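Heads up: the structure comes next, in C-alpha cells.
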C-alpha cells in the first residue's frame, strides 16, 4: 500500500461541528485519527500474513466522553485543588475530580472538535488546529495549539505546538491505550522502563514526597510482566509516574512487549511517563485491563512543584512537545 493521507466526514460533535476521520497509510501500517480530541482511534500493523490493531478505543468516544486515544490538556494529569500561581497571580480551575483538577477539565482539549488544518498524502501527515479560549476551559489566555501526526516506516511521530495571548499552562499528553497482542487482558505484556526515578502517588493520584530511585524498588530496567507490578490497594490498578533526570538528553521512556513478540517503544521530550491500567476501565468505554495507557507527560501537579517553568506557557512564546511511538514486529 502506498503512502497516503485521506479524510472523510463522520458525523457531528456536540457543538454541531463536522468531525473528520483521517486515515494515514504506509506499506505496513494504517492509523485512524479523529478530529474530535485530535485522537488516535486505531493503529493497524501488518507483517507478512499477520495483522494487529494495537490500540484499544471505544467504537464512538463521544458517547461516554472517553479520553481513550485523545490529546489531553491544557494540562494532563492532576492539579492539587485546581489551584496554581503565575507571576504572583493566583488562579482557580474547575475541580472536576473531587477537590482536584484533572486532564484540563470537563472542556479540555480531548472534548473539543479540532479543525483539520493540513493533510499531506505524500508524507502520511495530518495536522489538527484548535483555538482554546478561557471561557471554554477556565485557563487564562487564548491558546492556539496544533497537533501533527506523521506515520513513519517504523512508527508514529506526534508533535504539539502552542502559543498563548496570556501567561498560561501547557503540558499535554496522548491517552492512548495499547494492547499489542489482541488478548482480552494486557497482564502478560512486559514493561521495561528507561527512566531512573519514579514518583509515589497518594490516594488522589497526587505526588507523595520526592521522586525515588528505581534501584531497589522494582527492577523495571528489565522487561517485567504487568501482572507483577499492579500497585493499587486491591492489586487491581497500575497507576505510576516514572521520571527522567530532566536533562533532556534522553527521550526514551519505556518499551512494551506483547506475548506475540511485538514491541512498542515510547519516546518523548516530556520528562515523565504515567503508566495506567485497571480492572475498571468503564469510564473509557473499555473492558477490564484490555489496554495500558503509556502517557508521556509532565508529572502530576508540576505547576505547584519544581517544574513550574517547564509547564508554564508565557504570553507570546511558543512551545513544542514531541511523542514518538516506535514499533517492531517479531519478524524484524
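Here are some notes:
- Some residue of segment 93-110 being in a helix (DSSP H, G or I) and either modelled with pLDDT of 95 or more or touching a strand residue (DSSP E or B) at 6+ places or on another chain (Cβ under 9 Å) (or both): yes
- Screening residue 51 with (1) over 30 Å from residue 271 (Cβ atoms); (2) in a strand (DSSP E or B); (3) in contact (Cβ under 8 Å) with a residue 60 or more places away in the chain gives one miss only, at (3).
- Verdict on residue 139 being at pLDDT 95 or above, buried (at least 20 other Cβ atoms within 10 Å of the Cβ) and under 21 Å from the mean Cα position of the chain (by Cα): yes
- Considering only residues in segment 163-203 that are modelled with pLDDT under 95 and over 25 Å from residue 225 (Cβ atoms), the one that is surrounded by the most Cβ atoms within 10 Å (Cβ to Cβ) turns out to be 202.
- Pairs, first within 16 Å of residue 120 (Cα to Cα) in segment 20-45, second at pLDDT 95 or above and part of a loop (DSSP other than H, G, I, E, B), C-beta under 6 Å, six or more apart: 20/35; 24/124; 26/3; 26/124; 35/114
- Residue that is modelled with the lowest pLDDT [pool: residues in segment 278-302 that are out of contact with any helix residue (DSSP H, G or I) (no Cβ under 7 Å at 6 or more places or on another chain), buried (at least 23 other Cβ atoms within 10 Å of the Cβ) and closer than 26 Å to residue 170 by Cα]: 284
- Sub-9 Å Cβ pairs linking a first residue in segment 110-130 that is on the phi > 0 side of the Ramachandran plot to a second residue that is assigned to a strand (DSSP E or B) and surrounded by fewer than 20 Cβ atoms within 10 Å (Cβ to Cβ), at least 6 apart or interchain, are 124/4; 124/25; 124/26; 124/150; 124/152, ordered by first then second residue.
- Listed by position, the strands (runs of 3 or more DSSP E) contained in segment 239-323 that have at least 1 residues being more than 13 Å from the chain's Cα centre (by Cα) are 252-257, 263-268, 272-278.
The values are calculated or read from the model by the stated rules, or taken from the named source; none is laboratory data. Source: prediction; values computed, not measured. All Cβ positions, even for glycine, are placed from backbone atoms using ideal geometry, and neighbour counts span all protein chains on display.
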